[in-house]
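The block underneath contains the structure these notes are about, expressed in structure tokens.
Each value in this text was obtained by applying a stated rule to the coordinates, not by laboratory testing. On a predicted model such as this, the values are computed, not experimentally measured, just so you know. Note: ideal-geometry Cβ built from the backbone for every residue, glycine included; neighbour counts use all protein chains shown.
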Amino acid sequence: MLETPKQEDVEQLLEEMLELHGEGLSRVLGTIDPEARERLAADPVVGTMLLVHGLHPVPLDERVAKALASVRPYLASHGGDVVLLGIEDGVAQLLLKGSCNGCASSAATLELAIEKALEEEAPDLLGIEVEGAMDKVRMPGKSLPMVGWSEIRTRPEPGRLALGVPGLVVANVGGTLLAYRDACAGCGGSLLGGTLDDGTLECPSCSRAYSLPLAGRLVGQEDLQLVPVPLLETDGRVTVAT
């Protein structure tokens, strides 16, 4: 009769297999040029395997910088920017700059976009600490609200507006893609069919005009604003929070 393996024996076997796997990956990487290693590391599955074994060829600070660069167009639409102050004990220290700092409505969507970008590019990051709008430590992949991310396959031409996913529109403002809920803040009507001129979107129903580069704020005296949606462009892929 076969004996049931002991827990410690199973754990030791798994540890030995993991070490063998890591050594094999290390030897394979040693036979290819640096550019090929970076291309392999860019693959989500391979990149995760390399991170597990501490073999990722791109330093953590460079991957964090790449993630932040991917969200800068979205932050710019809120009149802000983000600066990497440093990484200490696996925690990235960030500074939010501009009018987005202190704006509660902007902070929520900015936080989501930043965390998502860091989760994709630097899953080995232990957390982020942001001065300004968030002012607290966040753990990428653990503190995100329960939202999904959908890929946008149709990119509107510059100066055009298109339906990204149901209930959401994507505008191309000077080559920068910005996403908003498909509802006028004034009349509640659909924004599709509205005129987009130099970043200003006019509602086709009530003719209210919104500045998309300024987080969808109404041009005029009314205190109205469209609902912005986090949008990320990573390696040619465009995704939005849904």
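Screening the range 12-69 for residues that are more than 22 Å from Thr234 (Cβ to Cβ) and of a type in the set (Ser, Thr, Tyr) and picking the one that is surrounded by the fewest Cβ atoms within 10 Å (Cβ to Cβ) gives Thr31. Would you check which residues across the range 222-233 are part of a strand (DSSP E or B) and either within 14 Å of Arg155 (Cα to Cα) or of a type in the set (A, V, I, L, M) (or both) and list them? Selection gives Val229, Leu231, Leu232, Glu233.
Scanning the range 178-221 for residues that are assigned to a loop (DSSP other than H, G, I, E, B) and either on the phi > 0 side of the Ramachandran plot or among the β-branched types (Val, Ile, Thr) (or both) yields Gly188, Gly193, Asp198, Gly199, Ser207, Ala215, Gly216, Val219, Gly220. Arg160 falls short on exactly one of the conditions (1) in contact (Cβ under 8 Å) with a residue 60 or more places away in the chain; (2) out of contact with any Ser or Thr (no Cβ under 8 Å at 6 or more places or on another chain), and that condition is (1).
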